[in-house]
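Notes follow once the structure below has been shown.
The values are calculated or read from the model by the stated rules, or taken from the named source; none is laboratory data. In this text the structure is predicted, and so the values were computed from the model without any measurement. Backbone-built Cβ (ideal geometry, glycine too); neighbour counts: all protein chains shown. These accessible areas exclude ligands, DNA and RNA; they are computed on the full protein's heavy atoms, side chains included. Shrake-Rupley method; radii C 1.70, N 1.55, O 1.52, S 1.80 Å.
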Amino acid sequence: MLEEFTPSPYWRWNAGCTDAARLREETQALGYRGSYATARDHLRPFRSGTTAPEPVPAPPTVRPVAGWIIRNPRTLEPGEEHQLKEHQLKAILARCPHRNTVHGHVRAFARMMRPRRGDRLTDWMATVLAADLPEPHSFATGLRRDRHAVTAGLTLPWSSGPVGGHINRIEMLKRQMYGRANPDLLRTRVLLAD
């Protein structure tokens, strides 16, 4: 629990305040709700040395890293936070060549999708299948099953989104009837729902 508030105790410890009760009071003002024993146990390793080590930042979780990979870099706001995220992503990708390969496949798919270049889909799928990484491989295999529809979706300007919304609404009405009504009643409810 104290990990969220460690920058203040580390700084105070290195400044000379080594009293666990006082540090607990200061962190309580920041929102810490733990006991004195937890604060004391957290500071116990520092008692053998003269200064507390600098806190190690927590590694990013899977969700933000996936967001950094999927997001268009041009939509990120310039600034220090953006540079930090870009630096962290480069460090993560440098540690594992498989992640770097997946990142390249995601970027290539985005470059194909945004300007609607469905004619590149077959080449992209061949490249992904040749890399033989599990996640992109299963995605490409799924696309291959319905290749003509995916190519049309990546090429044509029309969308079936409104139709999907209507189907979702009709399915909701069917669920509300608990399967007790016949198609005539469903038709009436759909027409009256509008």
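Any chance you could count how many residues in region 157-167 are open to solvent by 50 Å² or more (accessible area, probe 1.4 Å) and free of Cβ contacts under 8 Å to residues at least 24 places away in the same chain? Before you say what the answer is, go through the steps one by one.
The initial filter retains those residues of region 157-167 that are open to solvent by 50 Å² or more (accessible area, probe 1.4 Å), namely 157-160, 162-163, 166-167.
Still in the running and free of Cβ contacts under 8 Å to residues at least 24 places away in the same chain: 158-160, 162-163, 166-167.
Of the residues in that region, 7 qualify.
Identify the single condition in (1) assigned to a helix (DSSP H, G or I); (2) more than 20 Å from Arg116 (Cβ to Cβ); (3) free of Cβ contacts under 8 Å to residues at least 12 places away in the same chain; (4) open to solvent by 80 Å² or more (accessible area, probe 1.4 Å) that Tyr178 does not satisfy, given that it satisfies every other one.
Condition (1) is where Tyr178 drops out.
Examine region 55-75 for a residue that is more than 20 Å from the chain's Cα centre (by Cα), at pLDDT below 80 and farther than 30 Å from Leu154 by Cα, and state whether such a residue exists.
Kept after step one, since they are more than 20 Å from the chain's Cα centre (by Cα), are these residues of region 55-75: 55-56.
Cutting the leftovers down to at pLDDT below 80 gives us 55-56.
Next, only the ones that are farther than 30 Å from Leu154 by Cα stay: 55-56.
Yes, there is a match, as at least one residue in region 55-75 is more than 20 Å from the chain's Cα centre (by Cα), at pLDDT below 80 and farther than 30 Å from Leu154 by Cα.
Looking only at region 115-154, which residues are farther than 22 Å from Thr101 by Cβ, surrounded by 13 or more Cβ atoms within 10 Å (Cβ to Cβ) and either without any contact (Cβ under 8 Å) to a residue 24 or more places away in the chain or of a type in the set (Val, Ile, Thr) (or both)?
Thr151
Can you find, within region 107-157, the residue that is modelled with the lowest pLDDT among those that are among the acidic types (Asp, Glu) and assigned to a helix (DSSP H, G or I)?
Going residue by residue through region 107-157, those that are among the acidic types (Asp, Glu) are 119, 123, 132, 135, 146.
Still in the running and assigned to a helix (DSSP H, G or I): 119, 123, 135.
On the way: Asp119: 89, Asp123: 92, Glu135: 82.
In this case the residue turns out to be Glu135.
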